[in-house]
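Below: one structure, written as C-alpha cells.
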Amino acid sequence: MNSETHQSTELRTSEPVVVAGAGPVGLWTAAELALGGADVVVLEKATERSPHSKALGVHPRTIEVLAMRGLAQRFLAEGVPLPNWHFGMLESRLDFRALDTPYPFMLAIPQRRTEELLEEHALALGVVILRGHAVTGLEQDDERVTVRVSGPDGEYTRTASYVVGADGAGSTVRKAAGIAFPGTDTTSYGYVGEVRLAEPAMVSAHNEHGALISVPVRDGRHRIAGMDAHHNGAADPFTLEALRETTIRVAGSDFGMHDPGWLSRFGNATRVAETYRSGRVLVAGDAAHMHLPAGGVGLNVGLQDAMNLGWRLAAVARGAADPALLDGYHDERHPIGEELAEHTLAQSALIGATTSDGAALRSLLSKLISTVPELSLALAGKLSALDVAYPSAGHPLTGSRVPGLFDLLTSGRPVVLDTAGALGGDVTALAQASGFDVVVGEQKWTGAAVVVVRPDGHVWWASDRADDEEVTTALKGLGTTFRSPA
C-alpha cells in the first residue's frame, strides 16, 4: 500500500478534523465525520496495515451499527456467526440467541478484513488517509489545534479544527492533550500465537496450569491464546517453544504446532481516560480505555465510541451545532469505559483462577450461567453491548437503543418517527428543512406518538402525544441542525 491513500486529492477546507490512527476506530470515526459533512484527514504512523488480527469478532451491537450505515451484509457475507460466546473462559457459554436483535451471534471475522472493509467505506465517503504520517505532538487554543507530524518527507505541522485520538493505548494524542490515564498495572499475563497445527483442533482448557483456547483463523492457521500460571510475564521473548511448552502443560499436547505467524504476550493492565474530551481534542477506542482482551470486546466498544462521537463532531466541525454537544460524548461513553474495565478485570480474575478455591468459583458461576437464564442473558447483553442505554431526560424512552429500523438511519441524519401520522405539515417541513428525515407510521413505541432517533440509533427525544407546538419546540431545542454543508 502506498504511503498516501485517498479518494480525493484536495480537502474542501484548510482546517479539517484530524483523526490519529487508521485502525477500526479511527476509520469508523473518519467515515462518520465525512458522512456528517465534515472534512477529515486520517494520519497513520504505519506505512502498511498489520498482517496480524488482534481482534477476531464483531459483536451484535456492532453489527447493528454497521447495519445503520448499510454495511452489515458486507461483513455477514465474509464472517462466521457463532451463536454463543464465553465469559472469563467459563465452561458454560453465553447464548446470544436469546438477545433481542436481528444479529444474535458473534461474527467471527479477522480484524485485518474488518479494517479493509471500513477503509473502503471511508474512502468512498471522501476521507483522506495518509500512511507513514505519525502524530508526534499538538497544541491547541480556542480556535484550532496545531498538530506536529513526522511524515515520509520529514517533520511538518498541520492545523485542524478538532483532533480525535484513535491511536491506541499508548496514544500520543491523549498524552499531548494532558489527559490522565488512571487505572491498574499488570498483575497477570496472557499470550497469543498463530501457528499451523499438524493435528488441527478446537480446544478450550482450564486447569491449575492456566487457560487455553484454540480456534481456526485463516490460511490454515489456528490461534492459541490464554494465560500461563507458570509464567510471570518477564521480558524474555515469546517463542514457538514457549507456546509449545505452555500448550502441552495446559492442554496435554502441542497438536504438532509449527510455522508460527504471530507470537505475543500481553498484560491485564486496565485504564480509562480521565476525560474523553479536552477542549478540541477527543479520544476513542484503546486511546480512551485499555484492558485485557477478554471476550473480544475492545474493538467493538471502540467502534461504538466512534458512532457516538462521529455525528456530534461532524455537526460541530461544520458549524451546525454548539461545541457543548461534544460534552455528551464523554458523559455517555465514559461510564461505558468504566464498565468495560470492571468486567474485563472480572474476566481476568476468572481466567487466572487456577487454585482450588478459584476452580470452585469458576464451577459455581458456570453452573449459574447454565441454570439461570437471566444471568446468562444479562452477561450476554453486557458483552454484546445491547444493554447500553444512555441517561434519559424527560421521556423514559430517551437514551434507549432503538431496536430494528436500521435502514432508516443510513443517511447519518436523525429521524423523526411520526408513529400516528398526526403531525402537521408545518412541523414536518421544519424537521426536513433542519436536516431531519421524517418517517410516518413506522412503528408504535410503547405509547409514544413522536420519537426522534439520533444518528447513532438511540432515542433523542420522545412524546406520548403528537402536539405540533411541543414537537416544534423540541426540534428547535435539540441543539443542532443537520443541513447539508454548503
So, in the stretch 207-252, of the ones that are basic (K, R) and over 31 Å from the mean Cα position of the chain (by Cα), which residue ends up nearest to L361 (Cα to Cα)?
R249
Would you kindly identify the helices (runs of 4 or more DSSP H) lying entirely within the stretch 269-372 that contain at least 1 residues that are at pLDDT 95 or above, among the charged types (D, E, K, R) and under 14 Å from G183 (Cβ atoms)?
327-351
Among (1) over 23 Å from P60 (Cα atoms); (2) among the hydrophobic types (A, V, I, L, M, F, W, C); (3) out of contact with any Phe, Trp or Tyr (no Cβ under 8 Å at 6 or more places or on another chain), there is one condition A389 misses while meeting the rest; what is its number?
(1)
At negative phi, among the hydrophobic types (A, V, I, L, M, F, W, C) and without any contact (Cβ under 8 Å) to a residue 24 or more places away in the chain: is that true of L375 in this structure?
yes
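Which of the residues belonging to the stretch 373-403 are basic (K, R) and modelled with pLDDT under 95? So that I can check it myself, show each step before the final result.
Taking the stretch 373-403 and keeping what is basic (K, R), we get 382, 401.
Correct list: K382 only.
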Being closer than 26 Å to D286 by Cα, touching a Leu at 6+ places or on another chain (Cβ under 7 Å), of a type in the set (K, R) and in a strand (DSSP E or B) narrows R148, R158 down to just R148
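Any residue at all in the stretch 307-315 that's on the phi > 0 side of the Ramachandran plot and out of contact with any Phe, Trp or Tyr (no Cβ under 8 Å at 6 or more places or on another chain)?
Our first condition is that a residue be on the phi > 0 side of the Ramachandran plot; within the stretch 307-315, this holds for none.
No, the stretch 307-315 contains no residue that is on the phi > 0 side of the Ramachandran plot and out of contact with any Phe, Trp or Tyr (no Cβ under 8 Å at 6 or more places or on another chain).
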In the stretch 159-184, anything of a type in the set (D, E, K, R) and more than 23 Å from the chain's Cα centre (by Cα) is listed as none
Of the residues G256, G285, G279, which is outside the structural domain of P216 (by TED's automatic domain parsing) and surrounded by fewer than 24 Cβ atoms within 10 Å (Cβ to Cβ)?
G279
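Do we have T428 as polar (S, T, N, Q) and touching a residue at least 40 places away in the same chain (Cβ under 8 Å) here? Steps first, please.
Working: polar (S, T, N, Q): yes; touching a residue at least 40 places away in the same chain (Cβ under 8 Å): no.
No; evaluated as a whole, the condition is false for this residue.
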Determine whether the stretch 333-354 contains at least one residue that is under 21 Å from P102 (Cα atoms), of a type outside the set (F, W, Y) and without any contact (Cβ under 8 Å) to a residue 60 or more places away in the chain.
no
When every residue in the stretch 75-128 that is under 30 Å from A360 (Cα atoms) and of a type in the set (G, A, S) is compared, the one surrounded by the fewest Cβ atoms within 10 Å (Cβ to Cβ) is A98
Please specify each residue of the stretch 376-421 satisfying the condition of being among the aliphatic types (A, V, I, L, M), in a loop (DSSP other than H, G, I, E, B) and surrounded by 16 or more Cβ atoms within 10 Å (Cβ to Cβ).
A385, L386, V388, L397, V402, L405
Scope the stretch 158-178; condition touching a residue at least 40 places away in the same chain (Cβ under 8 Å), over 21 Å from P323 (Cβ atoms), surrounded by fewer than 24 Cβ atoms within 10 Å (Cβ to Cβ) and not polar (S, T, N, Q); matching residues
G168, A169
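The values are calculated or read from the model by the stated rules, or taken from the named source; none is laboratory data. Quick caveat, the model's predicted, so the values are computed rather than measured. Backbone-built Cβ (ideal geometry, glycine too); neighbour counts: all protein chains shown.
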